[in-house]
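The values are calculated or read from the model by the stated rules, or taken from the named source; none is laboratory data. All values derive from a computational prediction rather than experimental measurement. Note that we place each Cβ from the backbone using ideal geometry, even for glycine, and neighbour counts take in every protein chain shown.
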Amino acid sequence: MPRKYIFVTGGVVSSLGKGIASASIGKILESMGLKVTLQKCDPYINVDPGTMNPYQHGEVYVTQDGAETDLDLGHYERFTSCLTAQANNMTTGQVYDSVIRKERRGDYLGATVQVVPHITNEIKERIRAVGRGKRLDVVITEIGGTVGDIESLPYLEAIRQMRFEVGRKNAINIHLTLVPYIKAAAELKTKPTQHSVGRLREIGIQPDILLCRTEKPLSKRAKAKISLFCNVEEEAVIEARDVRSIYEVPLMLKEQGLDRLITRLLNLRRPAADLKDWKKNVVQRALRPKRSVRVAVVGKYMELQDAYKSIYEALNHAGIANDVRVEVKKVDAVEIEEKSADKLLSGMDGILIPGGFGDRGIEGKIASARFAREKQIPYFGICLGMQIATVEFARNVCNLKGANSTEFNKETAHPVISLLEEQKKVKDLGGTMRLGAYACKIKRGTRTHKAYEKDRISERHRHRYEFNNEYRKLFAQHGMVVSGHSPNGQLVEIMELENHPWFVAGQFHPEFQSKPDACHPLFRGFVTASLENGQHRKKEEAAHAESPAGT
Ligand code: GLN
């Protein structure tokens, strides 16, 4: 069978959830026994999002091969079993970079180098190259941005050409669009969808399937109208209603026959999608948890949904695994500096400090780690969150006055976190951190080992600074032990506190490997510990309330 292609585009507005829609299509196809991979095209000129501010871009998702990529790749890995890599994310910056390099090498033999065909050929080549050499049935390529943007034109032209080249039976276009509800008229409006499909047709792409984002049910009449004016058969006008959990999306799309539609259009002979396990083990558990637990995430970009996307998702997965609703309180570290940890973190069952860069809010995070350590509240430190825990411990337990990471104070007398020699030489900011998957050995008898139940693991990194080995002994003497280290023993990867219910901090990003039906062990362990802490606290409060005053 030739490789099949599904191109996912978006219209009307951004933020319609194209990434989740693409991931859901991947999930549906996988459940039919098809081998899939997903790819994202980003029309910006940055080579990768690694150097972009989270306000601009949201989270940077790190693949096992160390690529800094778009957060949609996180959805792809969470919904499907596809393991993404650098090739699963292309940006206009990368495309131009490689075309210009080829031009300098003389590869174009004197031709004038142009958007068409040189840039479009490079894009097509990269779509074909994803998963090359692997047995793959379907490649799902999502085009970032919205139809009508100047920047995404080369991508749309490339997929137009590709559909022509591989044939209509081997490539389809699924267009995600918005059908807004106008309250005053009490009506759903189909015009924006008609316009956006019109724009696609102008450049030669006739969508095969429309996914219509809507708050209200799409009536048969509205579907018929969209179908007639957009040249899309009625059965292929699919309602994509707002749902309670993103993990419901594959179920919703399958219920409307998206599986049958895709197999028919792409000539794939397959049985219907089977999402029973997904429904039982993920969706139902996500929607109806028995208990709840309160966890504070102390960071810098709290008003932004996307800055800590994988962390929030991994917490949801831990909720699914523990049958609890994880209520996240997003706490701005700067606010902790202005008020106090006590004020903002009291009543929390667990505290998590995620990764980060730059010194804004650092002291607030240090105060949060101290609060968690002293009040025996479960603490989970991730990357910067591990470094913070280290600095706090050095200052307040080991009595190392002014201890710090050299990222925040180059002159500190106690650089408990510092740069390795090889990082000191680095000049470029882009792509030069310690990136991607590294093996780690876990020490038996630790909480970390209890969570992983393994002696050796592999986790993804994205940082420059490391724990300074000169302090290992002193830390251990005071009760902070190394529970995970690099195979050669040189790099401290995980630390934990001995006299604490659950205080674990890792130099890597476990959130990138968590899945709704396979929660990351450390997230599961953290939420279990938080739950126990919450129950313990409630019992104590109840006992307190029952005992007569003065006794
Ligand atoms: N800024 C820290 C470093 O570069 C931590 C990075 C992170 O949390 N991802 O080491």
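Residue check, residue 493 against (1) of a type outside the set (Phe, Trp, Tyr); (2) surrounded by 24 or more Cβ atoms within 10 Å (Cβ to Cβ); (3) in contact (Cβ under 8 Å) with a residue 60 or more places away in the chain, all met but one. Which one? Only one criterion is unmet by residue 493, namely (3).
Name every residue in segment 368-379 that is assigned to a helix (DSSP H, G or I) and within 16 Å of the ligand (Cβ to nearest atom), in order of residue number. If you could, list the steps in order and put the result at the bottom.
Within segment 368-379, the subset assigned to a helix (DSSP H, G or I) is 368-374.
Hits for segment 368-379 are 368, 369.
Hey, among the residues in segment 410-445 that are hydroxyl-bearing (Ser, Thr, Tyr) and free of Cβ contacts under 8 Å to residues at least 40 places away in the same chain, which one's surrounded by the fewest Cβ atoms within 10 Å (Cβ to Cβ)? The extreme case among them is 432. Scanning segment 332-367 for residues that are more than 15 Å from the ligand (Cβ to nearest atom) and surrounded by 23 or more Cβ atoms within 10 Å (Cβ to Cβ) yields 336, 341, 348, 349, 350, 351, 364. In segment 42-70, the qualifying residues are those that are of a type in the set (A, V, I, L, M, F, W, C) and surrounded by 19 or more Cβ atoms within 10 Å (Cβ to Cβ), and the one that is nearest to residue 134 (Cα to Cα) is 67. Criterion applied to 475, 467 was being of a type outside the set (Ser, Thr, Tyr) and either under 28 Å from the mean Cα position of the chain (by Cα) or within 16 Å of the ligand (Cβ to nearest atom) (or both), and the one residue passing it is 467. On the stretch given as segment 121-169, residues that are touching a strand residue (DSSP E or B) at 6+ places or on another chain (Cβ under 8 Å) and buried (at least 18 other Cβ atoms within 10 Å of the Cβ) total 22.
Considering only residues in segment 451-464 that are crowded, with 20+ Cβ neighbours inside 10 Å and under 27 Å from residue 479 (Cβ atoms), the one that is nearest to the ligand (Cβ to nearest atom) turns out to be 463.
Take residue 169 and tell me if it is touching a Leu at 6+ places or on another chain (Cβ under 7 Å) and assigned to a loop (DSSP other than H, G, I, E, B). The answer is yes for residue 169.
For residue 398, the criteria (1) within 16 Å of the ligand (Cβ to nearest atom); (2) within 16 Å of residue 492 (Cβ to Cβ) hold in every case but one, which is (1).
Quick one: which residue in 448, 390 is buried (at least 23 other Cβ atoms within 10 Å of the Cβ), within 26 Å of residue 522 (Cα to Cα) and out of contact with any Phe, Trp or Tyr (no Cβ under 9 Å at 6 or more places or on another chain)? On inspection, the qualifying residue turns out to be 448.
Within segment 401-439, the only residue that satisfies the criterion of being away from the ligand (no atom under 16 Å from the Cβ) and not in a loop (DSSP other than H, G, I, E, B) is 439. For a quick check of your reading of the model, give me the residue pairs whose first member lies in segment 451-471 and is outside any strand (DSSP E or B), whose second is acidic (Asp, Glu) and within 16 Å of the ligand (Cβ to nearest atom), with beta-carbon atoms closer than 8 Å and at least 6 apart or on different chains. Every condition considered, the pairs that remain are 464/407. Being assigned to a helix (DSSP H, G or I), under 24 Å from residue 16 (Cβ atoms), modelled with pLDDT of 95 or more and not β-branched (Val, Ile, Thr) is a property that residue 118 lacks.
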